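Structure record follows, encoded as structure tokens.
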């Protein structure tokens, strides 16, 4: 699974498990929580590295990413490289 897919899955599992309107039976809830826990640490590492890449040439202000035009391609290239790294995560 690629890092970009890990982030997408983690964010989706977060929305599912934090939505109080959704009711899952015990076994489904368990599988969702277990998979979320398995990928959480990896997702946090990816978020941190992505932030570091952005801050090499840009800033984050009020949740907005500000990167000068001359560095946009370089930042995007590095983030794409990070998101395309393969990880071996076994989910249920």
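Every read-out reported here was derived from the displayed coordinates using simple, explicitly stated rules and does not represent laboratory data. As the structure is a computational prediction, the values presented were derived from the model and not from experiment. As a convention, Cβ positions derive from the backbone with ideal geometry for all residues, glycine included, and neighbour counts pool all protein chains shown.
Restricting attention to segment 57-92, report how many residues are over 22 Å from residue 45 (Cβ atoms) and touching a strand residue (DSSP E or B) at 6+ places or on another chain (Cβ under 6 Å).
Final tally of qualifying residues: 1.
Sort out which residues of segment 15-28 are within 28 Å of residue 79 (Cβ to Cβ) and either exposed (fewer than 14 other Cβ atoms within 10 Å of the Cβ) or in contact (Cβ under 8 Å) with a residue 60 or more places away in the chain (or both), and write them in order of number.
Within segment 15-28, 15, 18 meet the criteria.
From the list 31, 6, pick out the single residue that is in contact (Cβ under 8 Å) with a residue 60 or more places away in the chain, out of contact with any strand residue (DSSP E or B) (no Cβ under 6 Å at 6 or more places or on another chain), more than 30 Å from residue 75 (Cα to Cα) and part of a helix (DSSP H, G or I).
One residue alone meets the criteria, 31.
How many residues are part of a helix (DSSP H, G or I) and more than 13 Å from residue 6 (Cβ to Cβ) if we restrict to segment 49-70?
Selection size over segment 49-70: 9.
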